[in-house]
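The values are calculated or read from the model by the stated rules, or taken from the named source; none is laboratory data. Since this is a predicted model, take the numbers as computed values, not measurements. Here the Cβ positions follow ideal geometry from the backbone for every residue, glycine too, while neighbour counts run over all protein chains shown.
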Amino acid sequence: MSDPLLSVRDLKTQFFTEDGTVRAVDGISFDVHEGEIVGLVGESGAGKSVATASILRLVDSPGEIVGGEIVFDGETLFGLEEGPNGELRPREEMLSESAMRERIRGRRIAIIFQDPMESLNPVFTVGGQLREFIELNRDLDADAARAEAIDMLREVGIPAPAERYDEYPHQFSGGMRQRVLIAMALACEPDLIVADEPTTALDVTVEGEILELVTDLQATYDTAFIWVTHDMSVVAEICDRVNVMYLGEIVEQAAVDDLFYDTRHPYTSALLDSMPRPDETIEELDPIRGVMPEAIDPPSGCRFHPRCPEARAVCREVHPEPRDLQDAASTHTAACVKHDGFDVGYDESVPIDAEATGGFSAGFTETGGDAE
């Protein structure tokens, strides 16, 4: 496989608050190759949005990227080195803030936010905002930028784009506003688009239309995507590869088919089990028990162990790092001590005690079923 378009290595982003340090992103690594859609999935609070904001260096105070490396198409977007006195400082080749603003954001890496009403200014016309964005990032004059804006509105399926160019955001439906943001993201023909849960606020029918539009445009422009979502059905629909995040860490990485048909991490299994299936009739959903802990004080050992039905005593003590699964058909990693390669004494017959986990993992028999 060719070198990745985007390489993220051991990325750490923290927020320094009065209550302590929030480890929102805590050592994640993943790649994005040209023309592929890579999913970043997990519950709210997993660190997905902070991770993507870190890639574009858009983390505001009290947040700070404190470690790791981000390389995009051979250029270092972020990287630290040790100074003469032992302090950490930006590497010499790391792009400046002005270079990020003028060369990277919008032009080569674009972003689609979750709520289009927060991204579009309500006092300016939709066409005017799109035209201004094109003017700034493609060095076109106003007339040429206007023509390009109308073409992009047509490209994303806005009917009568020349007429709707002069309308305001409140005159567009939610799905149409999201199409405008997609048009804005594609206008500069970027190499990578970060889509931060762009379909969450839409109904199912409109969501399906947007996903179909994205896959068609991705094939046309050969643009890579990072698709942030908590919806596993969206992952199955459009993603090529998937990174599953939990409490600031990536716990499983796999091609999309492997993730669904050869699931290796209990958290991924729990996400899939909590999702309704159109091919099965069930009386009630099977949600993940408990709630995600605070990133300011994560659990010891495996961070998922207080909620994990497969947790054992060793899970409370050992913090597993992602390991390559040698028996997998393709590249597949999981951070769970139950897999071969973790010689730490995981015993399937000995469940973790209830007191250590607040009761979430209590009541399991040796075969894993609920005890009476």
- prompt: If only one of A236, A270, A255 is touching a helix residue (DSSP H, G or I) at 6+ places or on another chain (Cβ under 8 Å) and closer than 27 Å to L213 by Cβ, which one is it?
  reply: A236
- prompt: Which residues, counting only those in region 268-280, are crowded, with 20+ Cβ neighbours inside 10 Å and more than 14 Å from L40 (Cα to Cα)?
  reply: A270
- prompt: In region 170-192, is there at least one residue being farther than 23 Å from I150 by Cβ, touching a helix residue (DSSP H, G or I) at 6+ places or on another chain (Cβ under 6 Å) and touching a residue at least 40 places away in the same chain (Cβ under 8 Å)?
  reply: no
Residues satisfying the stated conditions in region 27-51, i.e. in contact with a strand residue (DSSP E or B) (Cβ under 8 Å, 6 or more places away or on another chain) and surrounded by fewer than 20 Cβ atoms within 10 Å (Cβ to Cβ): G27, S29, D31, H33, E34, G35, E36, E43, S49
message: Checking the condition touching a helix residue (DSSP H, G or I) at 6+ places or on another chain (Cβ under 6 Å), at pLDDT 90 or above and of a type outside the set (D, E, K, R), which residue from I37, I55, I109 passes?
response: I37
query: So how many residues does region 1-21 have that are crowded, with 21+ Cβ neighbours inside 10 Å, farther than 18 Å from V242 by Cα and out of contact with any helix residue (DSSP H, G or I) (no Cβ under 6 Å at 6 or more places or on another chain)?
result: 1
- prompt: Hey, any hits in region 259-271 for a residue that's closer than 30 Å to D222 by Cα, outside any loop (DSSP other than H, G, I, E, B) and among the acidic types (D, E)?
  reply: no
- line: Just one listed residue, out of A335, A313, is under 30 Å from D31 (Cα atoms), among the small types (G, A, S) and modelled with pLDDT of 70 or more, and it is A335
query: Can you tell me how many residues in region 149-203 are assigned to a helix (DSSP H, G or I) and of a type outside the set (V, I, T)?
result: 24
- prompt: For region 37-48, does any single residue satisfy the condition of being out of contact with any Lys or Arg (no Cβ under 9 Å at 6 or more places or on another chain) and more than 22 Å from E197 (Cα to Cα)?
  reply: no
- prompt: So which residues in region 296-310 are on the phi < 0 side of the Ramachandran plot and either modelled with pLDDT of 90 or more or out of contact with any Pro (no Cβ under 9 Å at 6 or more places or on another chain) (or both)?
  reply: I296, D297, P298, P299, S300, C302, R303, F304, H305, P306, R307, C308
- line: Checking V194, V235, V228, V206 in turn, the sole residue that is surrounded by fewer than 20 Cβ atoms within 10 Å (Cβ to Cβ), closer than 30 Å to S173 by Cβ and aliphatic (A, V, I, L, M) turns out to be V206
task: Having 1 or more residues that are touching a Ser or Thr at 6+ places or on another chain (Cβ under 9 Å) and either farther than 30 Å from P161 by Cβ or touching a residue at least 60 places away in the same chain (Cβ under 8 Å) (or both) is the bar; report the helices (runs of 4 or more DSSP H) wholly within region 48-145 that clear it.
output: 48-55
message: For region 207-224, check the following and say yes or no: at least one residue is in a strand (DSSP E or B) and either more than 24 Å from E321 (Cβ to Cβ) or among the β-branched types (V, I, T) (or both).
response: yes
- prompt: Take the residues of region 300-334 that are surrounded by 24 or more Cβ atoms within 10 Å (Cβ to Cβ) and among the hydrophobic types (A, V, I, L, M, F, W, C): which is nearest to the chain's Cα centre (by Cα)?
  reply: A334
- prompt: Just a yes or no: is a residue in region 96-104 polar (S, T, N, Q) and surrounded by 13 or more Cβ atoms within 10 Å (Cβ to Cβ)?
  reply: no
query: Do we have D139 as loosely packed, with under 15 Cβ neighbours inside 10 Å and among the acidic types (D, E) here?
result: yes
field: Single residue of region 248-258 satisfying the filter (of a type in the set (D, E) and in a helix (DSSP H, G or I)) that is surrounded by the fewest Cβ atoms within 10 Å (Cβ to Cβ)
entry: D257
